[in-house]
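Peer 1: A single structure is presented below for examination.
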Amino acid sequence: MKHKRLFKNFFTDTELLELKSYAENLFNNSKGVEITDLTWDQIYTHVKDIQIDKYMGRVQLTLPPSEYPEHIVNKLEKAAKLMDADCKVRYFSFVKYSLEYGYPQLMPHMDNPKKEAFLFDIQLDANIDWPIVVDGKEYVLENNDILVIDVQREVHWRKPTKFYEDSYVYMMFVSFSNDNLELPIESEQQKISASYRPEYHKQLAEIYPDNYGGVDGSKWKEIRKK
């Protein structure tokens with residue numbers, strides 16, 4: 001990872017409150033759609049509706065940059081361009097994990113090949129520590145921290161962690177693209193990611209023995225065949 005890895009306490013208190021209020025308003029005024037009712041392509045292009053993902057235990061709302069407060073977009077873009085002058089904002093997503101939506105989990109993976117430079121993983125609010133793991137190294141975010149991940153070239157996941165009835169993690173994802181980048185090779189991505197999964201599934205099974213996707217994700221694969 002050649003870029004800056006972590007931004008601490010990135011937003012002002014006023015900006016953070018504005019973002020959380022904006023996200024809450026969006027979630028309260030958007031309709032929900034089950035992610036299993038969408039094709040893979042629609043998952044990445046179906047915006048402005050809340051995507052309910054019972055396997056990952058989360059809801060996600062993705063919007064183009066034009067839908068966000070301009071000063072917030074400018075601040076994030078300025079930070080990103082210090083790392084890659086040719087990057088541009090690709091999308092913004094608000095994401096909430098809790099038992100209300102399923103068992104929160106994220107297995108080791110790399111994102112599908114696209115001209116993506118990196119992702120800002122921004123923790124807006126949480127009442128539980130849920131480590132993000134990047135190439136085997138754990139990071140525990142505090143509210144208002146940003147973790148920078150090259151999601152197509154670094155294996156990343158969430159350490160299996162037991163959520164309780166009142167546990168939640170509220171994130172904002174900001175993706176930056178660069179048209180000059182070479183696409184990664186998907187078969188190589190899958191091979192590297194798979195090497196981390198046996199231990200991950202072992203840990204997950206101990207926490208959620210009856211998880212929605214099955215210990216090896218087989219149930220998820222079955223319902224995602226379309």
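Peer 1: I need every pair where a residue in the stretch 176-202 that is among the aromatic types (Phe, Trp, Tyr) has its Cβ under 8 Å from the Cβ of a residue that is open to solvent by 80 Å² or more (accessible area, probe 1.4 Å) and not in a helix (DSSP H, G or I), sequence separation at least 6 or different chains.
Peer 2: Short answer, once both residue conditions are applied: Phe176/Lys88.
Peer 1: If you don't mind, there's one more thing I want to ask. Given the conditions (1) without any contact (Cβ under 8 Å) to a residue 60 or more places away in the chain; (2) in a loop (DSSP other than H, G, I, E, B), report the number of the one that Asn112 does not fulfil.
Peer 2: Against the list (1) without any contact (Cβ under 8 Å) to a residue 60 or more places away in the chain; (2) in a loop (DSSP other than H, G, I, E, B), Asn112 comes up short only on (1).
Peer 1: May I pose another question? Open to solvent by 60 Å² or more (accessible area, probe 1.4 Å), without any contact (Cβ under 8 Å) to a residue 24 or more places away in the chain and part of a strand (DSSP E or B), is that true of Glu100?
Peer 2: No.
Peer 1: Is it the case, given these coordinates, that Pro160 is farther than 15 Å from Lys96 by Cβ and either among the hydrophobic types (A, V, I, L, M, F, W, C) or at pLDDT below 95 (or both)?
Peer 2: Against the criterion (farther than 15 Å from Lys96 by Cβ and either among the hydrophobic types (A, V, I, L, M, F, W, C) or at pLDDT below 95 (or both)), Pro160 does not qualify.
Peer 1: Considering Glu138, Glu70, Glu116, which residue is touching a Lys or Arg at 6+ places or on another chain (Cβ under 7 Å) and open to solvent by 60 Å² or more (accessible area, probe 1.4 Å)?
Peer 2: Just one listed residue meets the conditions, Glu138.
The values are calculated or read from the model by the stated rules, or taken from the named source; none is laboratory data. Keep in mind that what you see is a predicted model, and the values were worked out from it rather than measured. Here the Cβ is made from the backbone with ideal geometry for all residues, glycine too, and neighbour counts use every protein chain on show. The protein model used for the area step is the full one, side chains on, heavy atoms only, and it has no ligands, DNA or RNA in it. Shrake-Rupley method; radii C 1.70, N 1.55, O 1.52, S 1.80 Å.
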